[in-house]
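Worksheet: one structure, shown below.
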Amino acid sequence: MIYLLDTADVESIKRCNEFYPIEGVTTNPSIIAKEKKDFWELVEEIRNIIGNDKMFHIQTRAEKAEDIIKEAMLLIGRLGGEIYIKIPICEEGLKATMQLNQMGIKVTMTAIFTPAQALLAARAGASFVAPYVNRLDNILGDGVDVVAQIVEEFKKHDIQTKVLAASFKNAEQVHKCALAGCHSATITEGTLKNLVSYPMTDSAIKGFDKDWKKVYGDKIILDL
Ligand code: G3P
């Protein structure tokens, strides 16, 4: 499973791009609006930080398929690089996805809550589908199980569309999606940190430090 960063916070993107093996950034209108910045300046800054080779999944705002396609063309023209046009699943979104697919433009269908929606999105030509794990858990659904069903369904029907699980609140949900064979997950810096840290690891690192210092003091290998 690969990891993407689900934020438009440029400082967080800079840190995570430096310290974690992230393959790109995902945003949606809520995430963008949270930053309260000029839209184009913000998304261009994100593109500059991650470079052209990493994925940038960026969502359209228009409601009509014709306008979604125009927004997609504008985003591609201004941002370039490895770009995925995020479109929420609905009739107009499916229509736009089919046309964008014909034009060779990659789409991530988002706001997916059921395997049936995911299958339709895939048939429309989406490269990724983004099921919302925690939002399902919040209403007594089982987000990880929905991800697992989509993965299984795509395998059964030999569908190449990838699952980009989204909306996480903890590391356990992310890890369970990985075990279910999910292709990718988009998460926040906080969840990335939770995936890395483990008390036994901290204790092991402290032990290495203490034992080394007894013999070599503060020197590191470069000083020897
Ligand atoms: O990428 C979709 C995701 O941002 C939704 O997350 O936390 O708003 O449920 P959340």
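Here are the numbers for the structure shown:
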{"quantity": "Cα pair distances exceeding 18 angstrom across region 1-160, given as percent", "calculated": "60 percent"}
{"quantity": "Cα centroid separation - region 101-156 against region 202-217, whole Å", "calculated": "47 Å"}
{"quantity": "Unpartnered cysteines - no second Cys beta carbon under 4.7 Å - across the chain", "calculated": "Cys16, Cys90"}
{"quantity": "Helix 65-79 axis, angle to the chain major axis (alpha carbon atoms, nearest 10°)", "calculated": "40 degrees"}
{"quantity": "Entries in Lys36/Lys162; Lys37/Lys193; Lys14/Lys36; Lys95/Lys193; Lys70/Lys176; Lys86/Lys176 that, when Cα-Cα distance is taken, lie over 29 Å", "calculated": "Lys36/Lys162; Lys95/Lys193; Lys70/Lys176"}
{"quantity": "Using a Förster distance of 45 Å, the FRET efficiency for Glu35-Lys214 (Cβ separation, nearest 0.05)", "calculated": "0.40"}
{"quantity": "Charged-residue dipole, Cβ positions (Lys, Arg, Asp, Glu), the chain about Cα centre, Debye nearest 20", "calculated": "180 debye"}
{"quantity": "Selection of trypsin sites (Lys or Arg not before Pro), region 31-64, meeting DSSP coil and at most 16 other Cβ within 10 Å", "calculated": "Lys36, Lys37, Arg61, Lys64"}
{"quantity": "Phi to ³J(HN,Hα) by Karplus 6.51 cos²θ - 1.76 cosθ + 1.60 over region 88-96, Hz, x for Gly, Pro", "calculated": "x, 6, 5, 4, 5, x, 5, 4, 5"}
{"quantity": "Volume in Å³ per residue [convex hull over Cα atoms, computed for region 104-151]", "calculated": "58 Å³"}
{"quantity": "Amide H partners (placed H, <5 Å) of Lys86, local residues excluded", "calculated": "Ile58, Gln59, Thr60, Thr108"}
{"quantity": "Most mobile of Thr108, Thr161, Thr201 in a GNM of the chain (Cα contacts under 10 Å)", "calculated": "Thr201"}
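Here, each number is a calculation from the coordinates, and none is a lab measurement. If you're wondering where the values come from, they're calculated on a predicted model, not measured in any experiment. Please note: Cβ atoms are built from the backbone with ideal geometry, for glycine as well, and neighbour counts cover all protein chains shown.
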